[in-house]
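Encoded as structure tokens, the structure appears first; notes follow it.
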Amino acid sequence: MKIERVELVNVAIPLVQSFRTSFGTMTTKDTFLLRVVTDTAEGWSEFAADPQPLYCSEFVAAAELVLADHLVPRVVPEVTAAEVAARTEAVKGHKLAKAALETAILDAELRSYGMPIGTYLGATAERVPSGISVGIKNSIPQLLDDVEEHLADGYVRIKLKIEPGWDVEPVRAVRERFGDIPLQVDANTAYTLADADQLRKLDEFDLLLIEQPLDEDDMRGHALLAQRIRTPICLDESITSAKDAATAIAMDACRVINIKPARVGGYLEARRIHDVAVAHGIPVWCGGMLETGIGRGPNLVLAALPGFVLPGDTSASRRWFAEDITEPFELEDGFIALPTGPGIGVEPIPETLRRFTTSTKVLYA
Ligand SMILES: O=C(O)CCC(=O)N[C@@H](C(=O)O)c1ccccc1
């Protein structure tokens, strides 16, 4: 496929509610889209991280630079989606930036064949059950009000963000108020092995999993922690490749994996991780990074692969955006229907995109 033009479109979309995690508080989705124009079709993607390097080392300004100066030059003018990872392998790290580039090229390629990404990846459902991620709140009553609203909306699983000082009590309060609903927690690396006794207190609540309690590079710590608590450990930030997944599974460092295509370099590696996990009997689910519909659409499709047996953080567009840059995804009876069109199945609504665009840069022409 011949690439004729690559554009980077910065967008800033206000969130309907602030989102507090152990690594910071978000009020706006402030990122960029990539638009790749080829001789046969055009493709879109979004960069999933934020202006601050707090969830991981990547951030908007750095991704713009590495795409402009080091990644795009390695894939133009002729490339296929399958070649992108090999062409950019010499560039260390920058998985989220690489994911954005590979996905836009994959979108264009699939559109040129009229093929939905679900056909390409092996989706086996037309709709997926959706969980929802609930941030750290100022009080327990506020948390319970939020959870009540989300359960009333129909979400089939609740994920609570936790951190030292906000863990056992909020979980206990949710259990006491809502009973045995599917419930899990996400620490975003906020604990150390010295907190094992505190984390073991969560065992009494029959959680589905505890996500990423320790540092992203502490595979051994997670393996040791897994011996001291009963709640299954799920890894997120630690898993950036199929190789990491194989290592974590071999070390008993996790019993569940949260797959985020952005974190692992794109949908091709996401499927490889899915396949490694399934081969070892490890359940996976699709994580989220407050994506616009451009990222949310293909994530929903990924969540329809057979090994994605746990509900993901694939909530409806209105969970974060009063108005999104694509047609909204809606929750119906706890499920969200996959996009069915060619490629990633979604594209920006031109007028809405214009309103939320803060700048546009041409990376290649
Ligand atoms: O997309 C969503 O609905 C949010 C899901 C969620 O909690 N994402 C967290 C995470 O640590 O998984 C996150 C938020 C922002 C940025 C990165 C990660």
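The values are calculated or read from the model by the stated rules, or taken from the named source; none is laboratory data. Here the structure is a predicted model, which means the values were calculated and not measured. A quick note on method: Cβ atoms are made from the backbone with ideal geometry, for glycine too, and the neighbour counts reach across all protein chains shown. The accessibility values were calculated without ligands, DNA or RNA, using every heavy atom of the protein model including side chains. Shrake-Rupley method; radii C 1.70, N 1.55, O 1.52, S 1.80 Å.
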- Does the range 79-145 come out rounded, prolate or oblate by the C-alpha gyration tensor, with a ≥ b ≥ c the root eigenvalues, rounded set by a/c under 1.5 and, if not, prolate when a/b is larger than b/c and oblate if not? oblate
- Query: Who wins for biggest fluctuation among S238, S139, S45 in a Gaussian network model of the chain, springs between alpha carbons below 10 Å?
  - Reply: S139
- Item | Relative pair counts by distance (%), Cα atoms of the range 270-344, 5 Å bins | 3, 16, 27, 24, 16, 10, 4, 1, 0
- Message: As a test question: what accessible area, to the nearest 10 Å², does T27 have when a 1.4 Å probe is rolled over all protein chains in place?
- Response: 90 Å²
- the range 245-255 - phi-based ³J(HN,Hα) in whole Hz, Karplus 6.51/-1.76/1.60, Gly and Pro as x: 5, 4, 5, 4, 5, 5, 8, 6, 7, 8, 10
- Query: If the viscosity is 1.567 mPa s and the temperature 4 °C, what translational diffusion coefficient in µm²/s does Stokes-Einstein give for the range 1-46 when Rh comes from Kirkwood over Cα pairs?
  - Reply: 103 µm²/s
- Query: Pulled fully out, how much extra length does the chain show between A61 and L151, if you take 0.36 nm times their separation in residues and subtract their Cα-Cα distance?
  - Reply: 28.7 nm
- Task: Quick one: compute a quarter of the convex hull surface over the Cα atoms of the range 147-192 and quote it in nm².
- Result: 3.4 nm²
- Using Cα centres only, tell me the gap between the range 12-26 and the range 325-350 in whole Å. 22 Å
- Task: Would you work out the charge dipole size for the range 228-365 about its Cα centre, treating the Cβ of every Lys and Arg as +1 and the Cβ of every Asp and Glu as -1, and quote it to the nearest 20 debye?
- Result: 440 debye
- Which longest run of the chain has no exposed loop site in it, a site being trypsin sites (Lys or Arg not before Pro) in a DSSP loop with at most 16 other beta carbons within 10 Å, and the site itself not part of the run? 93-229
- What percentage of the solvent-accessible surface of the chain, computed with a 1.4 Å probe over protein heavy atoms, is contributed by carbon and sulfur atoms? 51 percent
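Relative to the compact globular guide of 2.2 N^0.38 Å, what is the alpha carbon radius of gyration of the range 53-180, as a ratio?
On the way: Rg = 21.0 Å, N = 128, 2.2 N^0.38 = 13.9 Å.
It is 1.51.
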- Just tell me which lysines come within less than 23 Å, Cα to Cα, of K243; anything on the same chain fewer than 8 places away is out. K92, K95, K98, K260
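Pull out a ≥ b ≥ c, the square roots of the eigenvalues of the alpha-carbon gyration tensor of the range 178-323, then state rounded if a/c is under 1.5, prolate if not and a/b is larger than b/c, and oblate in the remaining case.
On the way: a/c = 1.80, a/b = 1.30, b/c = 1.38.
The shape class here is oblate.
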- Item | Neighbourhood charge, 9 Å Cβ-Cβ cut-off, centred on V91 and excluding it, Lys, Arg +1 and Asp, Glu -1 | +2
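Given only helices, namely DSSP H runs of n ≥ 4 each adding -39500 (n - 2.57), what is the per-residue ellipticity at 222 nm of the chain, to the nearest 500 deg cm²/dmol? Can you show the working numbers first?
Numbers: 14 runs with 126 residues, N = 365.
Value at 222 nm, helices only: -9500 deg cm²/dmol.
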- Rg to Rh, two decimals, where the chain supplies the alpha carbon set and Rh follows Kirkwood: 0.95
- Note on the structure: The answer for L338, listing residues at least 5 apart or on another chain whose modeled amide H is closer than 5 Å to its amide H, is R127, V128
- Query: Using the Karplus equation 6.51 cos²θ - 1.76 cosθ + 1.60 (θ = phi - 60°), what ³J(HN,Hα) coupling, rounded to whole Hz, does each residue of the range 256-266 give in order, writing x for Gly and Pro?
  - Reply: 8, 10, 8, 9, 10, x, 4, 6, 9, x, x
- Item | Equivalent ellipsoid semi-axes, the range 185-247, via Cα gyration tensor eigenvalues times 5, rooted, Å | 19, 12, 10
- Message: Suppose a student asked you for the relative contact order of the chain, using Cα pairs under 8 Å spaced at least 6 residues apart; what percent would you report?
- Response: 22 percent
- Query: For helix 267-279, what angle does its Cα long axis make with the longest principal axis of the chain, in degrees from 0 to 90 and rounded to 10?
  - Reply: 40 degrees
- Message: Within 10 Å, Cβ to Cβ, of R35, how many net charges do the neighbouring residues add up to if Lys/Arg are +1 and Asp/Glu are -1?
- Response: -3
- Which semi-axis lengths, in whole Å and largest first, follow from the square roots of five times the eigenvalues of the Cα gyration tensor of the range 1-83? 29, 14, 10
- Note on the structure: Between the modelled labels at H280 and F178 (7 Å from Cα along Cα→Cβ) the distance in nm is 3.0 nm
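In a shell of Cβ-Cβ distance under 12 Å around D50, excluding D50 itself, what net charge do Lys and Arg (+1) and Asp and Glu (-1) give? Walk me through the numbers on the way to the answer.
Working: positive: K29; negative: D30, E46, E58, E291.
Neighbour charge sum, excluding D50 itself: -3.
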- Starting from the Cα of E89, step 7 Å along the direction of its Cβ; do the same at Q142; then give the gap between the two resulting points in nm. 4.9 nm
- Angle in degrees between helix 293-302 and the longest Cα principal axis of the chain, rounded to the nearest 10: 70 degrees
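Using only the heavy atoms of the protein chains and a 1.4 Å probe, how would T340, T360, T326 rank by accessible area, largest first? Provide the component values of the computation, followed by the final result.
On the way: T340 120, T360 80, T326 5 Å².
Result of the area sort, largest leading: T340, T360, T326.
With contacts defined as alpha carbon pairs under 8 Å and 6 or more residues apart, what's the relative contact order of the range 258-365 in percent? Provide the component values of the computation, followed by the final result.
On the way: 135 pairs, mean separation 24.8, N = 108.
Result for the range 258-365 is 23 percent.
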